[in-house]
1. Please work out which residue is farthest from residue B:521 (Cα to Cα), limiting yourself to segment B:620-651 and to residues that are outside any strand (DSSP E or B) and more than 14 Å from chain A (Cβ to nearest Cβ).
2. Would you confirm whether or not segment B:309-332 contains a residue that is at pLDDT 95 or above and over 22 Å from the mean Cα position of the chain (by Cα)?
3. In segment B:1-39, which residues are crowded, with 24+ Cβ neighbours inside 10 Å, more than 30 Å from residue B:258 (Cβ to Cβ) and either at the interface with chain A (Cβ under 8 Å from one of its Cβ atoms) or among the acidic types (Asp, Glu) (or both)?
4. Across segment B:680-698, what is the total count of residues that are more than 23 Å from the chain's Cα centre (by Cα) and touching a residue at least 40 places away in the same chain (Cβ under 8 Å)?
5. In segment B:127-140, is there at least one residue being within 35 Å of the chain's Cα centre (by Cα) and more than 30 Å from residue B:678 (Cα to Cα)?
6. Any idea which residue in segment B:195-216 is farthest from residue B:270 (Cα to Cα), counting only those that are touching a Gly at 6+ places or on another chain (Cβ under 9 Å) and assigned to a strand (DSSP E or B)?
7. Within segment A:30-63, take every residue that is facing chain B (nearest Cβ under 8 Å) and among the basic types (Lys, Arg) and give me the one that is surrounded by the most Cβ atoms within 10 Å (Cβ to Cβ).
8. Taking the criterion of being touching a residue at least 24 places away in the same chain (Cβ under 8 Å), in contact with a Gly (Cβ under 7 Å, 6 or more places away or on another chain), in the same structural domain as residue B:484 (by TED's automatic domain parsing) and not hydrophobic (A, V, I, L, M, F, W, C), would at least one residue in segment B:559-574 satisfy it?
Amino acid sequence: MKQAIALTVNGDVYEVLISPNQTLLEVLRDKLGLTGTKKGCDLGACGACSVLLDGEAYLSCLMLAVDAVGKEIVTIEGLSEGGDLHPIQKSFVELGGLQCGFCTPGIVMTAKAILDEEPQPTEESVKKKMAGNLCRCTGYKKVIESVMSASGRMGGKQ
Amino acid sequence: MEKQFSVVGKRLPMVDAAAKVNGSAQFTDDLTFPGMLHGKLLRSPHPHAKILNIDVSKALRLPGVKGVVTGAEIPDRQYGIVPKARDEYALAKGKVRYIGDEVAAVCAIDPEIAEEAVDLIEVDYEVLPAVFNVQDSIKEGAPVIHEGVANNTSFAIRKEFGDVEKAFAESALVSEDSFYSQPVNHAPMEPHAAVAQYDPVRGQVVLWSSTQIPFFLRRNLSATLMIPESKVRVIKPKVGGGFGQKIDMFAKDFCAAWFAMKLGRPVKFVYERDEVFIVTRQRHPMHLTVKTGMAKDGRILAQQFLSYADGGAYNSTAPTMMALSCFFLMVPYHVPNLLYEGYHVYTNKPVGGAMRGHGIPQARFAVERQLDLMADRLNLDPADVRTKNSIKAGEPHPGGFVINTCGFAESVQLAAEAIGWKEKRGKLPFGRGVGMGGASFPSGVTNMSHISSGAVVQVGQDGGVNVLTGAADIGQGAETVIAQIVAEVLGVSLDDVRVTAADTGTTPLDPGTFGSGVTVRAGNAARIAAESVRKKLFECVADELEANPDDLVARDGVIFVTGSPEINITFPKALKAYQYKDLPMPLVGRASWMADTNEPTTLFTQPGNFSPNYSFMTQAAEVEVDTQTGKVKVLKMVTAHDCGRPINPMLVEGQLEGSIAGGMGQALYEDVITEKGQVMNPSFLDYGFPTTMEVPEMESIDIETDDPVGPFGAKEAGEGTQLSPAPAIVNAIYDAIGVNFNELPVTPEKILKALEEKKKQGV
């Protein structure tokens, strides 16, 4: 049986008709057309589907859409304001913290969660917290550098 | 006077980086069309079986199912990336050859219904005996995997020059050692996908596909669907990594197009992650025996190779892979006498294909490991042995390669210095060590005339530059590099250049992304196309500047006279002048480029040049082995690298860094484990490629050479760097604990076992 739920995504409220077994990832991508969030494994192993729920990073492929009701969901599309890139996004662009870009939305959202929690992280801390986001292109060096640079760019503030 | 560049050689962000960080970049699975249907594939549960009967009636009756197709209904046209090695059907005809082989496809209104319908298809199989390794597969009386292929050996190569026997007799030391490289999955982050749409009025099918080679895919689709190439349009959206795995056509491509044509509605196929692991491609497992004769001073006098590649159920790139594996034993070392025998053998297992380095990493691992073994036996420094054997630019090459530039010897020295070779090698406490490996890679190939690239450069009235290129950017930054080349030639900024790429309906022919040929081949085509535009502009403004067109320079938005920059005209004004002279707009330049070549290819039997140019590198690793757990921590990896002149050093570094992670994975962690043909670890968690926690400190050293063939002196940078991290790491493990590992990967289990053995022997 389908059910209607309301999801708050990037500040907007969407009413959607879903099956109770649908994941948040499926609803974001297939119902709301927010395809920036990627499906890399559908098993919670790669981090490409990372989104923020009330400010914390979650794997949207492991979360049922019904469990996201009442939470503030932020996806990669919600990070840049008025078309301007967020400072984290700018750092990834300028420092080459991405190649194919498929893991990038998930990595950027995780970076946002890391820097919100710890505005001036150590490199070690970033590595630990980013360990659930797989990337096959970059070897992670420039990913870590991008997060560290974003921290500096944001003045160590949230 | 040293050349100065404004755009080339700069660390510029990728032209599509902003779209990739804000979520707007569209990959194949991100595309949707009104009325789109979804497809799923039924796969064989048996490693080898005859298909006796397929009953699709229950599946067809399931509400929401729009179509089912089996191998019996599709044209009898085999496909494959190498014309002489075609052996695959999109859907199996009569027989399946590995677990995962495609048996039938279903198309339905949503993916869940399609999946349910797949389960309703009933197949009667007659299970056949299967073979799971090369040794069994080549035996007399082994099950025949493909009719007519004797000993299951689908391709053999023999290459010989000099006199190895004579040279062995003259050698101070002759060593014969055997090595094994394991199957590795490319594991690109984007699972393989295809969307097809059909226009019944024009009879044209359009396919959006996660492909590295749109034009080859068009050819394979055209051949298997039996419609003209002109009625197939392949468009490559953003591709989320390929590393060679997206070179072949897959069932999802054919079936999406098939259903779109039959049903008149758009159709999408997306592979699940386990399908990426099981049914796409993997690095060929390879057994390689190397016999090397060395002089007392470490000079290589002769090498003899015997290799067996486990190809799995189909050929894919088999002949190319074997050829690369053989030919790239002739660089970076001078091998005056060589004999190579190699065999590609079918087994009832997942299929081997192109993977970053393509047959060479396996060979490189063997040679680089053996060099260390032999240096040890002769009491020589392995770094010195490498320098001593380095080929040199301009010298005659035993295999007939033309080496215009070569920074290999320098790369050994610089990598050694950066890792602290002299102070550390053999001198670190037990459990720590350093090691190195050298390599060379082609920038595409010279020996096939259809390997050429085209480009069109158009300048609009507002000064905007549009480049049409067939080159396929799969994340490495091909579009950025091409845009930089065009911007440099025209003297405009990167922001002024837009690239339209990899669409067989609009962009010129290009073979695609493989063999590391894109920068040199497509880059040269774009350079020449841009130069022809520039020539027209120069001729137009020469009078006004009172100069010879040949003396003009375009840079930073200005055209000026060489040596007199004050005599100039801005690019927009030059463009206006062009229009006021009533010369036709838009200003268009076009070109195509291929490397000099001799036709037909004779390299298997005669000497000859393989590639327009060759990259060279040495990678040096420092490792720490935890003798309690057997875990290896790579502390640092240095790459000293000659890729000619890097067009974009930031992107080159990205290639190096990604290769180090990939090479580490091959050295220490990754292995596609099969039991009786069943892949046991088809998920990221079970497979385990490196995360942020494993990657080491990385240092890259650029050895700039100005190659005469590459655009602005560039050579390849994407694949060669994947060749030597694994041997460098395994050589460092030897330095750390005194154990020689000749089989990959070197897991904690193997290390603990070896340490235990060592203890028993009391050494």
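1. Residues of segment B:620-651 that are outside any strand (DSSP E or B), as a first pass: B:626-631, B:643, B:645-651.
Applying the additional criterion that residues be more than 14 Å from chain A (Cβ to nearest Cβ) yields B:626-631, B:643, B:645.
Numbers: B:626: 46, B:627: 48, B:628: 50, B:629: 48, B:630: 45, B:631: 42, B:643: 15, B:645: 15 Å.
Only one residue tops the list, namely B:628.
2. So far as segment B:309-332 goes, no, none of its residues is at pLDDT 95 or above and over 22 Å from the mean Cα position of the chain (by Cα).
3. Within segment B:1-39, B:14, B:17, B:20, B:21, B:23 meet the criteria.
4. Just the residues of segment B:680-698 that are more than 23 Å from the chain's Cα centre (by Cα), to begin with: B:680-681, B:685-686, B:692-694, B:696-697.
From the residues that got through so far, the ones that are touching a residue at least 40 places away in the same chain (Cβ under 8 Å) too are B:681, B:694, B:696-697.
Of the residues in segment B:680-698, 4 are more than 23 Å from the chain's Cα centre (by Cα) and touching a residue at least 40 places away in the same chain (Cβ under 8 Å).
5. Scanning segment B:127-140, I find no residue that is within 35 Å of the chain's Cα centre (by Cα) and more than 30 Å from residue B:678 (Cα to Cα), so the answer is no.
6. Restricting to residues being touching a Gly at 6+ places or on another chain (Cβ under 9 Å) and assigned to a strand (DSSP E or B), the top hit is B:204.
7. Here the residue is A:38.
8. Within segment B:559-574, one or more residues are touching a residue at least 24 places away in the same chain (Cβ under 8 Å), in contact with a Gly (Cβ under 7 Å, 6 or more places away or on another chain), in the same structural domain as residue B:484 (by TED's automatic domain parsing) and not hydrophobic (A, V, I, L, M, F, W, C).
The values are calculated or read from the model by the stated rules, or taken from the named source; none is laboratory data. Since we're looking at a predicted model, the values are computed, not measured. Cβ sites come from the backbone with ideal geometry, for glycine too, and all protein chains shown count toward neighbours.
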